[in-house]
1. Is it true that F427 is among the aromatic types (F, W, Y), more than 20 Å from A271 (Cβ to Cβ) and touching a helix residue (DSSP H, G or I) at 6+ places or on another chain (Cβ under 9 Å)?
2. Of all residues in segment 408-455, how many are more than 30 Å from P162 (Cα to Cα) and crowded, with 17+ Cβ neighbours inside 10 Å?
3. Using beta carbons and a limit of 6 Å, which pairs, at least six apart or on different chains, have the first residue in segment 357-373 and over 13 Å from C390 (Cβ atoms) and not assigned by TED's automatic domain parsing to the domain that holds E331 and the second one of a type outside the set (G, A, S) and surrounded by fewer than 24 Cβ atoms within 10 Å (Cβ to Cβ)?
4. Of the residues L72, L68, which is touching a Cys at 6+ places or on another chain (Cβ under 7 Å) and in a helix (DSSP H, G or I)?
5. Looking only at segment 78-100, which residues are touching a residue at least 24 places away in the same chain (Cβ under 8 Å), in a helix (DSSP H, G or I) and touching a Ser or Thr at 6+ places or on another chain (Cβ under 8 Å)?
6. Filter segment 175-215 for residues that are away from the ligand (no atom under 14 Å from the Cβ) and assigned to a loop (DSSP other than H, G, I, E, B); which is nearest to the chain's Cα centre (by Cα)?
7. Return yes or no: is A218 surrounded by fewer than 20 Cβ atoms within 10 Å (Cβ to Cβ), at pLDDT 95 or above and within 15 Å of the ligand (Cβ to nearest atom)?
8. How many residues does segment 27-39 contain that are surrounded by 17 or more Cβ atoms within 10 Å (Cβ to Cβ) and touching a residue at least 40 places away in the same chain (Cβ under 8 Å)?
Amino acid sequence: MQKIQNYINGELVDPIGGNYLDNYEPATGQIYSQIPQSDHQDLEMAVAAAKAAKDEWADMPAEQRANLLSKLADAIENAGDEIAKAEAIDNGKPISFAKAVDSYRSAANIRFFANATTQFSSECHSMGAVGVNYTLRDPVGIVGCISPWNLPLYLFTWKIAPALATGNCVIAKPSEITPMTAYLFAKLCIEVGIPKGVINILHGTGASIGGPIVEHPAIKAISFTGGSATGKAIAAVAAPLLKKTSLELGGKNPTLVFADCDFEATVKEVARSAFSNQGQICLCGSRIYIERSIYDKFKKALVERVSKLRIGDPLDESTQHGALVSKPHMEKVLSYIELAKQEGGKVLCGGSRVELPGRLAEGYFVEPTIIEGLDIQCRTNQEEIFGPVCTLQPFDTDEEALALANGTEYGLATSIWSNNIKRCHTFSRNMDFGIVWVNCWSLRDLRTPFGGVKSSGVGREGGYEAMRFFTEPKNICIKY
Ligand code: NAD
């Protein structure tokens, strides 16, 4: 059985303690590889490698770092099909989605920050005849990047790229549930000649290696994407150590559909926003509020569209809805569907595990599920399910729609569907979210701030926000 390796000091290595975890293929429910259960010994090796590499990497002219990162982006692009296949096997997502989203964005992330580093500059503040200030933006040093399983290489590179581009050395940990593409990525780093020690990738669970990364005194900043509970635990450890943290956490995102929307386009995009990647995207719109005058018509059209999604083998190009990432996650999602029924919800479509034939018989497939009849206070509408489950609710006034949208502890992303420009602007201003999409969903420009408010996180990724996070400003004041 294939054994994944850590990537330390430019080499693929086995974990020092010799411990491994099983890695499951979600579509079959079978173990298909093993991953290192790394611990503090592996971390010490990685930190030593990063310390040795740090100064040369930080001192390298931006253009040279950009060239190396561009080569890495090319390598990811060339391996796009292989990465997409690995992602489909490891995560359960449809291969067509993995090609269009995961492989594509992983290369785009690296390329974007390779370019950005040649454009990044710092400030100068003149004091007239008295003097002048200029601000250096030095790399933080050694930084930790910890990522989740839903968009594995995509979110892994989204953190690593700005950290490297600004001259930091990285100790990175992908999710133990989807480790495979981080392993492929390590091989590509070797292939293109990323200097040894600049990126180190340690596999394993949060307890065995994630926690030690957060605690290590040589690691000066933590960029984390994952659940809100984990983010709070990381913040509690990092705060007294006075580490910089960027925390991209959970969401319970509302979708607001007004009667004056472009009906057909809205149905199509609202379905995509709820069920892309089996609903396992932090940005997915899982609470759908519809103006009462079109509620029945919209509900019918949405249910009709979603019921037609082709559930099947993630490796089949025609599959639109794959497997959930793990057995515990599938059980969690199914338990929320049961909870929704107990809370008085009516299942309009889906609601069950899907049993597929042949090699997929033990796979973690759950039907796309739409539920109505639940109010904002119930747990189904308050807690992040992170699966193919959404709820529908009618509203009568703009005030009611706004209160519903803002009515959870989360504040990551929202979308509004309306042709009334005044309403779109007013809602955009008054909604408590880090990201507002108007007549679109997940339309991304990598220069824009990305992240949430309330329990959805602290800090922003994307563009210069990320470059600033991974640098320390130092002001130099000179008197004439
Ligand atoms: P998770 O919090 O369980 O794990 C995320 C990562 O943290 C994994 O690599 C895990 O091993 C590690 N980890 C766990 N405990 C740790 C600890 N104590 N110290 C250090 N590392 C630790 O999240 P998940 O289940 O992998 O991902 C799903 C969650 O991620 C959802 O809540 C989703 O909304 C969120 N998410 C957020 C964004 C965003 O940009 N805001 C994007 C994608 C996913």
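1. yes
2. The qualifying residues number 7.
3. none
4. L72
5. G80, I83, A86, E87, D90, N91, I95, S96, F97
6. Top of the filtered list is V198.
7. No, not satisfied.
8. 9
The values are calculated or read from the model by the stated rules, or taken from the named source; none is laboratory data. Just so we're clear, the structure is a prediction, and the values are computed from it rather than from any experiment. Virtual Cβ from ideal backbone geometry, glycine too; neighbours counted across all protein chains shown.
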